[in-house]
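Undergrad: I have a structure I would like to understand better, so I am pasting it below and will then ask my questions one at a time.
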2 protein chains.
Amino acid sequence: MINSLNAAILVIGNEILSGSTQDANISFIAKRLAARGVELTEVRIVRDVETQIVGTLNDLRSKYKYVFTTGGIGPTHDDITAECVSKAFGVPHVIHQGVRQEMEELYKARGVELNAARLRMATMPEGCELVKNPVSGPPGFKMGNVFVMAGVPKIMQGMFEHVETMLEAGKPMLARTVRCNQREGDIAEALGTVQKAYPDIDIGSYPHMFQTPSLSLILRGTDEAQLAAATAEVAALVKARGEEPEIV
Amino acid sequence: MINSLNAAILVIGNEILSGSTQDANISFIAKRLAARGVELTEVRIVRDVETQIVGTLNDLRSKYKYVFTTGGIGPTHDDITAECVSKAFGVPHVIHQGVRQEMEELYKARGVELNAARLRMATMPEGCELVKNPVSGPPGFKMGNVFVMAGVPKIMQGMFEHVETMLEAGKPMLARTVRCNQREGDIAEALGTVQKAYPDIDIGSYPHMFQTPSLSLILRGTDEAQLAAATAEVAALVKARGEEPEIV
């Protein structure tokens, strides 16, 4: 399926690459993009290293309609995402006066000092648009086709509510799952025949170990009628082997 | 830190990019590589699309010492990883007679037919080395600097036992975590000063929402003495603010 409404996620953070933190943002964004009809085509996870972030950003933003970054926008020395976006776009990295003012008011109310470290969270690529942060205060931003969000899942999810309103909407990706206990190798040929007959439906086969049902056949596509027809054919090939599949 | 013993993971599978499956392999491999002293520098997740897999494989294998792929080596139509590796390396994609014979014996004992779909799991790049699969039968393989493993976590983990023995060993990455309830913005400047004093120790700051302790300061490096000294300095800056941190 060719889709011009496509996207990539860039996860920025040593904590994921060291295995100390399990990413929770990719699957959240993936599901929301699918519902909006935006195809998530690629994900990259990189270290907190400027050259790697800038190079990857420039590669992804030239290839995809939208790029979503998570991580690296806090007040500490390892939070370098915003500066890297400014470098990638070749624009000045400047204090956003509106954000500065909001942060001053917010922190005054909390009795917290707006020091140099916190001011870094108001420093952004010149010309960016803000992304609202309903959870913790300092906003994310949109620069060109790049949306910059926090790495903490609750904050990222809050920001995504606003990000979503800035995206074009395509045809929502619909999905059906046929669950059964067939061995993949027994149904592979018949399944491949159904896939060939429905080139616009994406059919995936996912075995599970030590689980019942042991196999999930997932069908995805934007055309409800085609999806229903392909699902019926997949269900039929399971039934032909004497098993009643579960369709969800 | 510059490390010539570096690596990338290539996760292959629409199920991750659609959000229907949460990846569990990245953090497993990341931890094992850290313990072996191999730096995981990058992760990419791509679709089950030949051009994307081949292009990404060629990019990663030219950049990194090791590339680990997960997913796409089963018997169904969406399992195209092995073919893509052959294409990336420009070698014939052939039935491995040793694997074929083992699979014949294995499936005969199980009363399962070795049909054309299952034979695809014995079809590999000419000249590859096998990676043992102690869990489910059909092996993975190593082609050049690329290790090809299953996507099902239990099977991948079994294969990794063998993969690990084929990797050079570097200095194991050691880690300490200083847990506390400081606000990032309050300690950011002092933390940055410690980071500058210890350029070979990687210090990351990770806030947690709705948790106590609310902040993890993670220090990583290969030199035990430097790591201990940097950890003591980070702990001291928390103590200076009147809190006794937890060090793990």
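Any read-out appearing in this document is the output of simple, stated calculations on the displayed coordinates, not a laboratory observation. Nothing here was measured: the structure is a model prediction, and the numbers come from that model. Neighbour counts are summed over all protein chains in view; Cβ atoms, including those assigned to glycine, are modelled from backbone coordinates with ideal geometry.
Undergrad: Counting DSSP beta bridges in the protein assembly as shown, what percent are antiparallel, to the nearest 5?
TA: Antiparallel: roughly 60 percent of the beta bridges in the protein assembly as shown.
Undergrad: By a straight-distance test (C-alpha under 25 Å), which lysines pair with B:K171 as possible cross-link partners, with residues fewer than eight away in the same chain excluded?
TA: Output for B:K171: B:K31, B:K63, B:K65, B:K142, B:K196.
Undergrad: What ³J(HN,Hα) values, in whole Hz, does the Karplus curve 6.51 cos²θ - 1.76 cosθ + 1.60 give for region B:122-136 when θ = phi - 60°, with x put for Gly and Pro?
TA: Rounded to whole hertz, the list is 9, 9, 8, x, 4, x, 6, 9, 7, 10, 5, 10, x, 9, 9.
Undergrad: Please find the FRET efficiency linking A:H208 to A:N115, where r is the Cβ-Cβ separation and R0 is fixed at 41 Å, and quote it to the nearest 0.05.
TA: That gives a FRET efficiency of 0.20.
Undergrad: In debye to the nearest 20, how big a dipole does chain A give about its Cα centre with +1 on each Lys and Arg Cβ and -1 on each Asp and Glu Cβ?
TA: It comes to approximately 200 debye.
Undergrad: Just to verify a number: FRET efficiency for B:N181 and A:Q52, C-beta to C-beta distance, R0 = 35 Å, to 0.05? Please report the intermediate quantities before stating the final value.
TA: Details: r = 32 Å, r/R0 = 0.91.
According to the calculation, E is roughly 0.65.
Undergrad: How far, in nm to one decimal, is A:K132 from itself in the other copies if the label point is set 7 angstrom along Cα toward Cβ? Shortest first, please.
TA: Ordered by distance, the counterparts are at 5.8 nm.
Undergrad: Mind listing the label-point distances from B:A197 to the same position on all other copies, shortest first, one decimal in nm, points 7 Å along Cα→Cβ?
TA: When each copy's label point is compared with this one, the spacings are 7.1 nm.
Undergrad: Can you give me the distance in nm between label points at B:Q97 and B:S4, each placed 7 Å from the Cα along the Cα-to-Cβ direction?
TA: Computed distance between label sites B:Q97 and B:S4 equals 3.9 nm.
Undergrad: Mean residue ellipticity at 222 nm from the helices of chain B, using -39,500 (n - 2.57) per DSSP H segment of n ≥ 4 over the full residue count, to the nearest 500 deg cm²/dmol? Don't jump to the answer; show the numbers that get you there.
TA: Working: 9 runs with 100 residues, N = 248.
Here the helix-only value at 222 nm equals -12000 deg cm²/dmol.
Undergrad: Going by amide H atoms built from the backbone, whose H comes under 5 Å of the H on B:G151, apart from near neighbours?
TA: B:G71, B:G72, B:I73
Undergrad: Name the nearest-to-axis residue of chain B, judged by Cβ distance to the rotation axis taking chain B onto chain A, and quote that distance in whole Å.
TA: B:R44, 3
Undergrad: Can you list, shortest first in nanometers, how far A:E164 lies from the same residue in the other copies, with each label 7 Å from Cα toward Cβ?
TA: Ordered by increasing distance: 4.1 nm.
Undergrad: What percent do you get for the relative contact order of chain A when only Cα pairs under 8 Å and 6+ apart count?
TA: Value for chain A: 17 percent.
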